[in-house]
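J.: Encoded as structure tokens, here's the structure I'll be asking about.
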Amino acid sequence: MSLPVIPAPTTMTTSHESFTLSSESAVAVQSPELAGPAALFVREVRLDTGLTLVPPVIRDRTAATVPPDATPAAVTVLIGDEGLDDIPSAAGVRADGSDVDERHGLEITSEGVRVWGPTPEAVHRGLTSLRQLITAHLQDGTAVLPAARIVDGPRFAWRGLSLDVVRTFHAPAEVRRVVDMLALYKLNVLHLHLTDDQGWRVEVPSRPELTRVAAAGAIGDRPGGYYSTHELAELVAYAADRYVTVVPEIDMPGHTSAVFTAYPELAPAELRTIDLGNGNAIPLNALEPGRPETWAFVEDVLDAVVPQFPQSAYVHIGGDEAWGMADEDHAAFVDKAAALVRARGKRVVGWQEIARANLGPDDVAQYWISIDLDAADAGNGPVPPKDLLPILVEHLRKAKGDAPKALAAGGRLIASPTTWLYFDRPHGDASSDPAQEEARQRLGLEFYGPATLRDGLDWDPVEDTPGVTSTDQLAGIEAAIWCETITGPDDLELMLLPRLPGAAEKGWSHQTPTDWPMYAARLAEQSPAWRTRGWTWLQSTEVDWK
Ligand code: ACM
């Protein structure tokens, strides 16, 4: 029997026995450092299902046990490594720069449940599988769990989502909901795309016009906003409690129009744009590497941003689509920005275009341009405006060399192919809900064409990333969502769910390729928790939702 866990566990066996968890069932921790993950587990099970287990009680600094009047512990969590050597350790690098082992075990017998791992994070991952099993086996307020043994660990160390908070500003509470979604599927990175042409979302006290002027807008007439230092500290801590590292992106040297509205003296002498003919224009302006004021600005920004993301070992410097900039200027900019990041004790990650500069082995390039003009079905889809077409053609031509160049420098890639991991593609699956069918016509960039849930599972990060032949050349994978068409929380959730578990499957599971019917059966079991939590998801007619 296959267990309804996403991502699919590395090894799993089941038997016909069972164990029932009820509101009488207590959780015990055998090591005080596990009290946090155990208490979080009790909270999350209640939010997923309404079932309230008896939380662990910490007696003193060395022992934490169940309350004396509770039944013997139904769920015991402990530090241990039983069976873990039998499964591979993760390839790639973690966003927090550590080598924390996430491998863990979970055993359900007729006597009770045990969850173990070498670190609190590993135990937390095991408890996350248990959360999903409780959701799937809930009957009249109790969870009748099948006896099973899972020994599991991730294929890749870096498993994330890049979230555009610029084109639509997502309030901290909504970003916390996204963190909850990531954590439920063992995704461990939230990459915040904090700056772009339409806005600026992070405080830089030495540059107050960024939050006074540049933060005020978003795309079109949507409201702007930014995260105060205090709000970001809360968000970063909330994510850290769930073993999610928040990585900041400051996109430069292109995508900086909002900077130029706040500080016009940083803008090129002559501002250029391409008119898209629909009321929108694409700017062709970038920060100039030859000007000292550019670097004073970048240093101010890094000095303010780096300390706000203490868990992240990386700063994302963007680097994408610096259209209108000479190649040598782009490379000079990336080289210097990267050096400034390294000088602050952080490592460099950027979109794949940064590979055109001089990367080193600690640097990570995020591969995204999986569209191949040669293979594109000419005549289908919208035709770009005449002035943009040559820029796009040139961009796609140069992009072919990026991933191999980053690898040749000894660096790693994050796989974020537009084809499978850009969640701003329109949904290809129909929804059984007529209101969602209307939303589906509106959501996602027409340029990309629609993708079904099944399409999102039908690829492999190693096989489908150019130049990659072994898992360790990848840091891992990241889905990305851009918010041109996404106006608020419901739109955002409708595009994230149910795609996010599919990204998690690609980043975590060693089982490749993914068997769609079996995956769809596991996916169907996720919906009761989403419903209980009030999350919006596309009710695809391809899945037999519970
Ligand atoms: C990107 O989609 N411009 C990274």
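The values are calculated or read from the model by the stated rules, or taken from the named source; none is laboratory data. Since we're looking at a predicted model, the values are computed, not measured. Using ideal geometry, Cβ is built from the backbone for each residue, glycine included, and neighbour counts are taken over all protein chains shown. Accessible surface areas use protein heavy atoms only, side chains included; no ligands, DNA or RNA. Shrake-Rupley method; radii C 1.70, N 1.55, O 1.52, S 1.80 Å.
J.: Looking only at residues in region 263-284 that are over 22 Å from VAL334 (Cα atoms) and among the small types (Gly, Ala, Ser), which one is surrounded by the most Cβ atoms within 10 Å (Cβ to Cβ)?
T.: If we take residues in region 263-284 being over 22 Å from VAL334 (Cα atoms) and among the small types (Gly, Ala, Ser), then ALA281 is surrounded by the most Cβ atoms within 10 Å (Cβ to Cβ).
J.: OK, next. Looking only at region 476-489, how many residues end up being more than 16 Å from the ligand (Cβ to nearest atom) and either farther than 27 Å from THR536 by Cβ or within 17 Å of the chain's Cα centre (by Cα) (or both)? Lay out the reasoning, then the answer.
T.: We begin by selecting, within region 476-489, every residue more than 16 Å from the ligand (Cβ to nearest atom); these are 476, 487-489.
Keeping just the survivors that are either farther than 27 Å from THR536 by Cβ or within 17 Å of the chain's Cα centre (by Cα) (or both) gives 476, 489.
Matching residues across region 476-489 total 2.
J.: Only residues that are more than 27 Å from ALA240 (Cα to Cα) and away from the ligand (no atom under 16 Å from the Cβ): list them for region 299-332, please.
T.: ALA326, ASP327, GLU328, ASP329, ALA331, ALA332
J.: Taking ASP472, is it in contact with a strand residue (DSSP E or B) (Cβ under 9 Å, 6 or more places away or on another chain), more than 16 Å from the ligand (Cβ to nearest atom) and open to solvent by 10 Å² or more (accessible area, probe 1.4 Å)?
T.: Numbers: in contact with a strand residue (DSSP E or B) (Cβ under 9 Å, 6 or more places away or on another chain): yes; more than 16 Å from the ligand (Cβ to nearest atom): yes; open to solvent by 10 Å² or more (accessible area, probe 1.4 Å): yes.
The answer is yes for ASP472.
J.: Which one is farthest from THR135 (Cα to Cα) among residues in region 21-33 that are out of contact with any Leu (no Cβ under 7 Å at 6 or more places or on another chain) and in contact (Cβ under 8 Å) with a residue 60 or more places away in the chain?
T.: GLU33
J.: What's the number of the condition ALA240 fails, among (1) open to solvent by 10 Å² or more (accessible area, probe 1.4 Å); (2) part of a loop (DSSP other than H, G, I, E, B)?
T.: (2)
For (1) small (Gly, Ala, Ser); (2) open to solvent by less than 10 Å² (accessible area, probe 1.4 Å), each residue gets a yes or a no:
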| residue | (1), (2) |
| --- | --- |
| VAL178 | no, yes |
| ASP196 | no, yes |
| ALA214 | yes, yes |
| PRO223 | no, no |
| HIS230 | no, no |
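J.: I'd like the full set of residues that are more than 21 Å from the chain's Cα centre (by Cα) and open to solvent by 20 Å² or more (accessible area, probe 1.4 Å), limited to region 90-114.
T.: Here is the first cut: in region 90-114, the residues more than 21 Å from the chain's Cα centre (by Cα) are 104-114.
Once the filter is applied, which keeps residues that are more than 21 Å from the chain's Cα centre (by Cα) and open to solvent by 20 Å² or more (accessible area, probe 1.4 Å), region 90-114 yields GLU107, THR109, SER110, GLU111, ARG114.
J.: Let me ask something additional. Mind listing whichever residues of region 285-300 are open to solvent by 20 Å² or more (accessible area, probe 1.4 Å) and in contact (Cβ under 8 Å) with a residue 60 or more places away in the chain?
T.: Matches in region 285-300: ASP300 only.
J.: Can you tell me how many residues within region 1-32 are assigned to a strand (DSSP E or B) and among the small types (Gly, Ala, Ser)?
T.: Here is the first cut: in region 1-32, the residues assigned to a strand (DSSP E or B) are 11-21, 26-29.
Subsequent filtering for residues that are among the small types (Gly, Ala, Ser) retains 15, 18, 26, 28.
Residues meeting the conditions: 4.
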